[in-house]
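Each remark here refers to the structure printed beneath this line.
The values are calculated or read from the model by the stated rules, or taken from the named source; none is laboratory data. Quantities reported herein were computed from a predicted structural model and do not represent experimental measurements. Here the Cβ positions follow ideal geometry from the backbone for every residue, glycine too, while neighbour counts run over all protein chains shown. What goes into the accessible areas is simple: the full protein's heavy atoms, side chains included, and nothing from ligands, DNA or RNA. Shrake-Rupley method; radii C 1.70, N 1.55, O 1.52, S 1.80 Å.
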Amino acid sequence: MKRLVSLMLIALLMATIFAPSGFARESSADLADNVKSAILIERDTGSVLYEKNSGEQLPPASMTKVMTMLLIMEAIDEGKLSWDEKIRTSEYAASMGGSQIFLEPGEEMTTKQMLQGIAIGSGNDASVAMAERIAGSEEAFVEMMNKKAKELGLKNTQFQNPTGLSAKEHYSTAHDMAIMAKELLKYEKITDFTGTYEAYLREDTDKKFWLVNTNRLVRFYPGVDGLKTGFTSEAKYCLTATAEKDGMRVIAVVFGAPTSKERNAQVTKMLDFAYSQYKTHPMYERNHVLGKVEVSKGEKKMVEALTSEPISLLTKKGESIKEIEQKITLNKNIKAPVQKGDQIGTLTLKKNGKVLVESPLVAKENSNEASWWTLFKRSMGYFQKLNK
């Protein structure tokens, strides 16, 4: 098998591309003048279009549930959890205050219903029930949350619970929330939940429960389909929002608005700015195959390398792109076991030697260690070929 390493492709598209890091400095617009901190990014490239105090550590309130939902979606993607699995509510989960869907001790709902309760109704009880199912306890789930934050390179985030209820040393930043949202949006199905304005739980019972999305922009701003609001007396009004129009998805985060109306107004200004000034040029969808790697002593000898996220280029409106250099680097000397989602390569897009996009390529499936019998048969087949 020839190794596919450092494969160079030249894509001739159309005119000039600007480096993502330059966008935020280009904008002097005051888009979020009445909040504590804010950030606006383009999802595919991660380009920062606007920011204000984006590194300030602040209480995120229920925006915490962006991380909770991320770990739920990861568990589903990895086959550790199914959509129709019945999740039992513990007495502790049912005791959560604040926003809730009024789960009773011992009550069971499917993963799908629990996620509706979290994404639409901001249910603290549903969040804890899912945390206990995934990690065994709320404490263990919080460890998973903080571990994931470190994996994402988030240096100013620390969680104490999966709900966002006020707790000492529970904080995040606008920047870190945007990165969490970017990661969550890799799972396209999540917006089926976060983008729903209203739904019902226990629909065929005498305890029918009406869910109305706490994010009113889902109904009133075209293209908004998530992600999570937040409010406590300490945090004030917060929102991590996302919208998609004309193939361009952006994420806007605000912390500490004085009212929900002001929070929505500030996010609306940020979204209007993004869609009036910028354009996305899609390159690849998530899970696009860009090569194969050989797995030494693997149950599967070859594993396909997939894009781990949507890949796009971003320009100011009226500008186009050309002469983009694409480099696919696949790892060598990979040994079993390989797990689905493990990084096995990198996709890099450059212009004039400057990196515009760098994104991991991941394994499509598992390749566990091959049994001795499998390895023996392979070696026999190899010798038979030599003797032909």
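Within region 109-162, the set of residues being over 27 Å from residue 57 (Cβ atoms) and among the basic types (Lys, Arg) comprises 112, 133.
Total residues in region 36-79 satisfying the condition of being open to solvent by less than 10 Å² (accessible area, probe 1.4 Å), over 18 Å from the mean Cα position of the chain (by Cα) and farther than 18 Å from residue 121 by Cα: the figure is 3.
Yes or no, residue by residue, for (1) in contact with a helix residue (DSSP H, G or I) (Cβ under 6 Å, 6 or more places away or on another chain); (2) under 30 Å from residue 356 (Cβ atoms); (3) free of Cβ contacts under 8 Å to residues at least 12 places away in the same chain:
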position: 56; (1), (2), (3): no, yes, no
position: 59; (1), (2), (3): no, no, no
position: 62; (1), (2), (3): no, no, no
position: 102; (1), (2), (3): no, no, no
position: 109; (1), (2), (3): no, no, no
position: 113; (1), (2), (3): no, no, no
position: 118; (1), (2), (3): yes, no, no
position: 121; (1), (2), (3): no, no, no
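Please go through region 344-355 and give me each residue that is assigned to a strand (DSSP E or B) and exposed (fewer than 14 other Cβ atoms within 10 Å of the Cβ), ordered by number. Answer for region 344-355, where residues must be assigned to a strand (DSSP E or B) and exposed (fewer than 14 other Cβ atoms within 10 Å of the Cβ): 354, 355.
If you go through region 274-305 and keep only what is more than 23 Å from the chain's Cα centre (by Cα) and closer than 30 Å to residue 34 by Cα, you end up with 276, 277. Checked across region 209-223, the condition of being within 20 Å of residue 309 (Cβ to Cβ), within 17 Å of the chain's Cα centre (by Cα) and of a type outside the set (Phe, Trp, Tyr) holds for no residue.
Taking region 265-331 and the strands (runs of 3 or more DSSP E) fully enclosed by it, the elements with 2 or more residues that are in contact with an Asp or Glu (Cβ under 6 Å, 6 or more places away or on another chain) and surrounded by 17 or more Cβ atoms within 10 Å (Cβ to Cβ) are at 311-316.
Which of the residues spanning region 169-193 are under 9 Å from the mean Cα position of the chain (by Cα), crowded, with 20+ Cβ neighbours inside 10 Å and part of a loop (DSSP other than H, G, I, E, B)? Within region 169-193, 185 is the sole residue that qualifies. Residue count for region 139-168 under the criterion of being open to solvent by 10 Å² or more (accessible area, probe 1.4 Å), aliphatic (A, V, I, L, M) and assigned to a helix (DSSP H, G or I): the result is 3. One residue stands out among those in region 206-260 that are buried (at least 21 other Cβ atoms within 10 Å of the Cβ) and of a type in the set (Gly, Ala, Ser): the one that is nearest to residue 285 (Cα to Cα), which is 243.
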